[in-house]
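Asker: Here you go, one structure.
The values are calculated or read from the model by the stated rules, or taken from the named source; none is laboratory data. Since this is a predicted model, take the numbers as computed values, not measurements. FYI the Cβ positions are ideal-geometry reconstructions off the backbone, even for glycines, and counts take in every protein chain you see. The protein model used for the area step is the full one, side chains on, heavy atoms only, and it has no ligands, DNA or RNA in it. Shrake-Rupley method; radii C 1.70, N 1.55, O 1.52, S 1.80 Å.
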Amino acid sequence: MSDIPGENDQPDPLDSFDEIVDAETTRDPDLAVIEAGSRTLRTQGGPPQADVPARPADPEVDKALREVEAELATRWGETKLEPSVARIAALMDVLGEPQRSYPSIHITGTNGKTSTARMIEALLGAFELRTGRYTSPHVQSVTERISLDGAPVTAERFIETYRDIKPYVEMVDSTQEYRLSFFEVLTGMAYAAFADAPVDVAVVEVGMGGSWDATNVIDAGVAVVTPIDLDHTDRLGTTPAEIAGEKAGIVKRDATVIMAQQPVDAAQVLLKKAVEVDATVAREGLEFGVVARQVAVGGQQVTLRGLGGEYPEVYLPLHGEHQAHNAAVALAAVEAFFGVGAQHARTLDIDTVRKAFAAVASPGRLEVVRRSPTVVLDAAHNPAGARAAAAAIGEAFQFSRLIGVVGASGDKNVRGLLEAFEPVFAEVVVTQNSSHRAMDADELAGIAVEVFGEDRVQVEPRLPDALEAAITLAEEEGEFAGGGVLVTGSVITVGEARLLLGRG
């Protein structure tokens, strides 16, 4: 017996395991046991943490995390690639194939992957499954990339996972032509953490492409393809069809492919791959889709058609038509995971679906971080993402004057991104983030002047100065005039702005 006052008054979460199983009389008995186990594990794990964690408060933990980050930084960054899964496969082998100990949903595409992954995770969690989510890049903290039960792993767990696999990473390094990259090590950490948890299902976003992406050592039963557009053309191809060929590599034999609306040539490539591996395809606009949507306070109200039927009056606390389409894709993916549309001709429980979507958050995606004037962050970094953000901000916010703060990476189609924002920005403040990949502010300004004209462009190389300048410009409209600021161009720019504005 414990001597701690009050401790014995707390119910043992494991006591309710049998009660939960018994209560699931209308469900598959094996699934009921999984769900009961997941609930008790979550009870033991405590409440979820913030979506974007701050630095650890404990100085020793912060020091240890910085040491891990420094070691990871010695490896190839995410833009330096040797297209092969040989190294990650070797790491999985010495780790005992952890990625095969749970089913997976694998997500590729050009835009919308992270938001879709978060929605899938929320839906699965609402149906009492224990989830692991792996996404990239991170907004502020590298620990965001690996989530359990809808929350980033703690810094302590991140450090522990790295230290656990480090000897195996070094073993593989010694046998390969090139050391494992930063992204490959993180992928190995995620798969190991999910197996250790253990999770009921992993939601995995590719880093780049699909065929040779480090995540592609899983055999996912559900493959999700969000909209394909031109990005990473030096790596993936110069047409949607070529890019689709790389992304189709995540489609495994007998899988179900959930396909967002695609350019015709990209869709043809994806369908051909599905036929080759006997995969089942569900297409947005045919087998599932968005039936109706209307702007609501803080987001939108949507009616979705899933693989099993219609889901009316679903509140989604995210802005933009593109997020409604992401929601339709996420719902279809979860239906496919549960066998809806194949084994079952029914919808998922509508109240559970509504509850899940109402709780979705996607930091750095049209996220409001300040009022008076309103400052919005969006991680759009290519023309397609910028077009979606521009349309959404016009729909969701009634700004009389919108000031842009743009800091972009040098390897992106910066002109296309600026051209997408030109109709909605009254003025633009160009800047640069702290990444070595950041485009020089003066070089960015040269392109911006060609797009906007000299009188609409201001240059502030330091991001804090750029934010101050943009807020000042927005305030010139007056207290009640409705000026706003949109910070965009890069996930890194958005993450640094988020910290500067007190959200980190």
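Asker: Just one of the numbered conditions (1) open to solvent by 10 Å² or more (accessible area, probe 1.4 Å); (2) more than 16 Å from the chain's Cα centre (by Cα); (3) at pLDDT 95 or above is not true of LEU148; which one?
Answerer: (2)
Asker: State which residue pairs qualify: first residue touching a residue at least 24 places away in the same chain (Cβ under 8 Å) and open to solvent by less than 50 Å² (accessible area, probe 1.4 Å) and inside region 449-470, second residue assigned to a loop (DSSP other than H, G, I, E, B) and of a type in the set (Asp, Glu) in any location, beta carbons under 8 Å apart, and separation of 6 or more residues or different chains.
Answerer: Going by the 8 Å Cβ cut-off, the qualifying pairs are VAL451/GLU422; PHE452/GLU422; ALA466/GLU460; ALA469/GLU460.
Asker: Might you let me know whether region 286-308 holds any residue that is assigned to a helix (DSSP H, G or I), in contact with a strand residue (DSSP E or B) (Cβ under 8 Å, 6 or more places away or on another chain) and under 19 Å from THR108 (Cβ atoms)?
Answerer: Within region 286-308, not a single residue is assigned to a helix (DSSP H, G or I), in contact with a strand residue (DSSP E or B) (Cβ under 8 Å, 6 or more places away or on another chain) and under 19 Å from THR108 (Cβ atoms).
Asker: Report yes if some residue within region 160-182 is of a type in the set (Asp, Glu), open to solvent by 20 Å² or more (accessible area, probe 1.4 Å) and modelled with pLDDT under 95; otherwise report no.
Answerer: yes
Asker: Hey, among the residues in region 46-84 that are closer than 26 Å to TRP212 by Cβ and among the basic types (Lys, Arg), which one's modelled with the lowest pLDDT?
Answerer: Step by step, filter region 46-84, then rank; the result is LYS80.
Asker: Moving to a separate point now. Select from region 79-91 the residues that are of a type in the set (A, V, I, L, M) and out of contact with any helix residue (DSSP H, G or I) (no Cβ under 6 Å at 6 or more places or on another chain) and list them in ascending order.
Answerer: LEU81, VAL85, ALA86, ALA89
Asker: Please go through (1) part of a helix (DSSP H, G or I); (2) surrounded by fewer than 17 Cβ atoms within 10 Å (Cβ to Cβ); (3) in contact with a Leu (Cβ under 9 Å, 6 or more places away or on another chain) for SER434 and return the number of the only condition it doesn't satisfy.
Answerer: (1)
Asker: Can you find, within region 254-266, the residue that is nearest to THR226 (Cα to Cα) among those that are touching a helix residue (DSSP H, G or I) at 6+ places or on another chain (Cβ under 9 Å) and open to solvent by 40 Å² or more (accessible area, probe 1.4 Å)?
Answerer: So the residue we want is GLN261.
Asker: May I pose another question? Tell me yes or no: at least one residue of region 133-141 is touching a helix residue (DSSP H, G or I) at 6+ places or on another chain (Cβ under 6 Å), part of a helix (DSSP H, G or I) and surrounded by 19 or more Cβ atoms within 10 Å (Cβ to Cβ).
Answerer: Scanning region 133-141 turns up no residue that is touching a helix residue (DSSP H, G or I) at 6+ places or on another chain (Cβ under 6 Å), part of a helix (DSSP H, G or I) and surrounded by 19 or more Cβ atoms within 10 Å (Cβ to Cβ).
Asker: Which one is nearest to GLN300 (Cα to Cα) among residues in region 357-388 that are touching a Gly at 6+ places or on another chain (Cβ under 7 Å) and part of a helix (DSSP H, G or I)?
Answerer: ALA388
Asker: Yes or no: GLY298 surrounded by fewer than 20 Cβ atoms within 10 Å (Cβ to Cβ) and within 21 Å of the chain's Cα centre (by Cα)?
Answerer: yes
Asker: OK, next. Which members of region 63-89 meet the condition of being part of a helix (DSSP H, G or I), farther than 19 Å from ILE492 by Cα, open to solvent by 30 Å² or more (accessible area, probe 1.4 Å) and among the charged types (D, E, K, R)?
Answerer: LYS63, GLU67, GLU71 - these are the residues of region 63-89 that are part of a helix (DSSP H, G or I), farther than 19 Å from ILE492 by Cα, open to solvent by 30 Å² or more (accessible area, probe 1.4 Å) and among the charged types (D, E, K, R).
Asker: Return the only residue of ALA332, ALA392, ALA386, ALA380 being open to solvent by less than 30 Å² (accessible area, probe 1.4 Å) and under 15 Å from LEU123 (Cα atoms).
Answerer: Exactly one of ALA332, ALA392, ALA386, ALA380 is open to solvent by less than 30 Å² (accessible area, probe 1.4 Å) and under 15 Å from LEU123 (Cα atoms), namely ALA332.
Asker: Separate question: Those residues that are among the polar types (S, T, N, Q) and touching a helix residue (DSSP H, G or I) at 6+ places or on another chain (Cβ under 6 Å), I need them from region 149-186; list them, please.
Answerer: Quick first cut of region 149-186, residues among the polar types (S, T, N, Q) only: 154, 161, 174-176, 181.
Result: THR161, GLN176.
Asker: Looking for something small (Gly, Ala, Ser) and open to solvent by less than 10 Å² (accessible area, probe 1.4 Å) - is there at least one such residue anywhere in region 364-377? Steps first, please.
Answerer: Looking only at region 364-377, we keep the residues that are small (Gly, Ala, Ser), and these are 364, 372.
Filter again for open to solvent by less than 10 Å² (accessible area, probe 1.4 Å), leaving 364.
Looking for residues that are small (Gly, Ala, Ser) and open to solvent by less than 10 Å² (accessible area, probe 1.4 Å), one finds at least one in region 364-377, hence yes.
Asker: Quick one: in region 90-111, which of the residues that are in a helix (DSSP H, G or I) and open to solvent by 40 Å² or more (accessible area, probe 1.4 Å) is nearest to VAL222 (Cα to Cα)?
Answerer: Applying the filter and picking the extreme gives ARG100.
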